[in-house]
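See structure below.
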Amino acid sequence: MLLRKKENKHNNKNRKSQLVLIGSLLLIIVGTGTLTYRFYENYKTNNEEQEKINDFIDKQRDIITVAPNEDKKDEVQEEVKEQPIQQNKEDYIAVIEIPKINLKKGIYAKDSYRNNVNKNIELLKESDMPDKINGNFILAGHSGTSKVSYFKNLHKLETNDKVYVYYNGGRYIYKLVNTYDIEKTGTANISRNGQKTTLTLITCRHNTNKQTIFIFELMEDGE
């Protein structure tokens, strides 16, 4: 009788061990499946976004390089008026491309719900559009490690590195001329040459209470 009880105890332990093993295997399978699904969804979303961005660029009509001088001013305005590009509120209105850090991202209108730094690169309400002579096109984005940290590699840029902005039938080519830090207070003090057409990129310095401001100037012909 005692031997039989010991055998039953041993069998119960084996069953419990088997159940624990089966449960662990199921958790691993479910976890692996969830990760695989998330990876696939992210991959699919990224591919769809890149197709949308490339389609936006392809649809730009008569791509031109714009420079802020008197000879070009009337020509640029005429091109835009003759061939407007129709978009609804949730379409991209522009695309920014920074080859050095392999960034290509669509920009939404100021009043779009997608125009939010926690979702995309944000077009600030104080911003001018790229076709305004001596205007300042201002974009903000997160740094860090999250999936919306689109400006995480801006610190790798150096003076004269180029940025391309595609907007309303034009390709605007900017070069980096200045970089500086400010305290993060909710208001960014932008210091630039008011006689130049500029692009300003703003991002936080990771793990600090500072922001970095990148000032780019539109390139003149021949640069």
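Take the residues of the range 140-159 that are outside any loop (DSSP other than H, G, I, E, B) and more than 10 Å from the chain's Cα centre (by Cα): which is surrounded by the fewest Cβ atoms within 10 Å (Cβ to Cβ)? Steps first, answer last, please.
In the first step, residues of the range 140-159 are kept if they are outside any loop (DSSP other than H, G, I, E, B); the result is 140, 154-156.
Filter once more, keeping what is more than 10 Å from the chain's Cα centre (by Cα): 154-156.
Working: 154: 20, 155: 14, 156: 10.
So the residue we want is 156.
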Check your understanding: Does residue 146 fit the bill of being at pLDDT below 95 and of a type in the set (Gly, Ala, Ser)?
Key -> yes
Check your understanding: Within the bounds of the range 88-97, is there any residue that is within 19 Å of residue 192 (Cβ to Cβ) and modelled with pLDDT of 95 or more?
Key -> yes
Check your understanding: What number of residues within the range 193-223 satisfy the criterion of being over 21 Å from the mean Cα position of the chain (by Cα) and under 17 Å from residue 123 (Cβ atoms)?
Key -> 1
Point to revise | Residues of the range 183-206 satisfying the condition of being surrounded by fewer than 16 Cβ atoms within 10 Å (Cβ to Cβ) and part of a strand (DSSP E or B) | key: 183
Practice item. Return only the number of the condition from (1) in a loop (DSSP other than H, G, I, E, B); (2) at pLDDT 95 or above; (3) within 15 Å of the chain's Cα centre (by Cα); (4) not β-branched (Val, Ile, Thr) that residue 166 does not satisfy. Key: (1)
Review point. In the range 159-197, what residues are without any contact (Cβ under 8 Å) to a residue 24 or more places away in the chain and either under 12 Å from residue 216 (Cα atoms) or not assigned by TED's automatic domain parsing to the domain that holds residue 105 (or both)?
Key: 159, 160
Review point. For the subset of the range 103-158 comprising residues that are of a type in the set (Lys, Arg) and free of Cβ contacts under 8 Å to residues at least 24 places away in the same chain, which member is nearest to residue 206 (Cα to Cα)?
Key: 125
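The values are calculated or read from the model by the stated rules, or taken from the named source; none is laboratory data. Everything quoted here is computed from the prediction, not taken from an experiment. When we count neighbours, we look across all protein chains shown, and the Cβ atoms used for this are built from the backbone with ideal geometry, even at glycine.
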